[in-house]
Every structure is written in C-alpha cells, then in structure tokens.
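Throughout, read-outs are computed from the coordinates displayed, never taken from laboratory work. Computed from a predicted model, the values in this text were never measured in an experiment. Counting neighbours? That spans all protein chains shown, and the Cβs are built from the backbone with ideal geometry, glycine included.
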Amino acid sequence: MSTEATDAMVELEFAVETPEAQAAEIQEETSAQVIAQAREFGWKTEDEWKGDPPPDGFLSPDDYLGTSLVQAKIARKEAADLRAQMKVQQDAAADTTSRMERMYQDAAERRREAHEREVTSLREAQRQAAETGDMERYDALAKRHAEMKPPEPAQTAPVSSEVTDWQARNTWFGIDPYATQYAQAVAGNVAQSGGDAAKQMAEVDKQMRQRFPEHFPGAKPKPQRVDGGGLGTIASKSAFDRLPAEAQRQAKADVAEGLYKSVEEYAKFYEGVFGND
C-alpha cells in the first residue's frame, strides 16, 4: 500500500467519530448545559465561593439543581416565562383581530357605497321614466327599489373551522395550562409569519407531539429542528400570491361581489393593513 493511501486511511480514521466519541460529545454538551443552568440559579464552585461554606456543603451542579429551593425557583421562572409568552401571543392575537376588523370595516363601507350608488341610479331612472310617462318601467324600477336589501354590516373576526375542529379533537386544550399556553404561543408565531389557520394547527400538532407526547397516544418526543427559513415563508410573484390561503379565497369572493376591481387591489389593501410581518 502506498504512503499516500496509508495517510488517507489515517485521516479518515480520525475524521470519522466513533460512537464512544459521539456519546462523549453529547455528555459534554449536556454537562455544560447543566452547569450553565445551575450558575443561572446561583451555583458556584468551591474556588468561586466567598464566605462561610454552605450548610449542606458544596454540591455538584446536578445536586444543586435538585434541591427543593432551586426547584421552586425554576418553577417560578418557568411560570413567569409562560406568562410572558402567553402575553406576547395574546397581544399578537389582539393585533390580528384588530387588523381583520379593519378589513371587514372596509368591505362594509364598500358595500354601503355600492348600495347608495345603486339607489341613486334607480331614483334617477325612475325620474326619467316619470318624465316620459313610462309608468310600466317606473313601476318595475319602484319594485326593484323596494326589494333591495340593505348593505350588510361589518362582520366580526370569525373563528376558523380548522381551529374549532382541532379543539374538538384535542380535549386537553384548556385543561392542561402549560400545554395550552405552549400551543397558543406556537400558533401565534405562525400567524405572525403569515400562516393561515391550517398552517397554525399543523405546526401546533407537530410541536405538541414532541413537547407534550403524553397528550398523544403513541407519540414520541423527537429532537427539535431549527426552522432556518422562517415559518410561513412563501416565495411569490405578486401581492395576491403572498396572501394566506384564507385571504386569497376572500379576495376572490370580494372581487366577485364587486367590492374590489381585482384580487391584486384587495391584496395591496391587505398588505397595507397587515404589513409584511
């Protein structure tokens, strides 16, 4: 065997980690995380300690984290973190609802204006029919006017069927406070990235099965992967293509109703309300 081949095999041997080496790396990373968490809650090495030694002696990071006092501190911090996360999600939901109300108010105003234009047109046509003595046309226009329905008032933000169906399937929601708050935070993050209700529920299902497998028979926790591209990121060529699926359906419906000239006009107004976040 040539010297070059021997050197290549030696390099390959060092390049490929053995299972033992991989296990050692994992253990080292875990130990570093434990030490970091212990330090966060006040743990110090014997060399770093100042003053009289602690009553229970110097503890390892694991033992320190296991004490009842530190466990209580950890529980309080987790509860505070959950409350903060819940506040962020609630604020995001309130903001989304407020923006949707603006969309509904705009649609209601467009319907009112269209109704007034039609009424004005009918009255002008009735006047012309009366001036020419065309009573048959006058009566037909009067009947049409009487049968006109008033414009629909502004709607309120609806609860998506995907959300209600999901809640019916997941009976733990609203009962387990930690799982409920985590699910709401996940949904809020997806919503802020532009994901519609279907995307939100899909991501919640995925995350909850990993984080709270006890609520999903047969589910096993899996390592979390970082979403490098960002949730709900969609490559698009037009403002309409960038809309969530539900907004695209609404755009088509509003255009068909005559409230907007095109789906692109709807999309531009939508982006003006919701921005690009």
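For the ranges 197-205, 70-78, what's the packing order if you count other beta-carbon atoms within 10 Å of each residue, average per peptide, and put the highest first? Can you show the working numbers first?
Values: 197-205: 20.0, 70-78: 12.6.
Those peptides, ordered most packed to least, come out 197-205, 70-78.
Add +1 for every Lys or Arg and -1 for every Asp or Glu among the other residues with Cβ under 13 Å from the Cβ of PHE173, and state the total. Numbers along the way, then the final one.
On the way: positive: ARG169; negative: ASP165, ASP176, ASP205.
Charge balance near PHE173 sits at -2.
Sort the following peptides by mean Cβ neighbour count (other Cβ atoms within 10 Å, averaged over residues), highest first: 249-257, 111-119. Walk me through the numbers before you get to the answer.
Values: 249-257: 15.1, 111-119: 13.6.
My ranking of the peptides, most packed first, is 249-257, 111-119.
Give me the net charge of TYR138's neighbourhood, meaning all other residues with Cβ under 14 Å from the Cβ of TYR138; Lys, Arg count +1, Asp, Glu -1.
In short, 0.
Report the full-extension gain for the segment ALA253 to ALA94: residue separation times 0.36 nm, less the Cα-Cα distance, to one decimal in nm. Write down the numbers at each step before the final one.
On the way: separation 159, 0.36 × 159 = 57.24 nm, distance 2.51 nm.
Gain in length upon complete extension: 54.7 nm.
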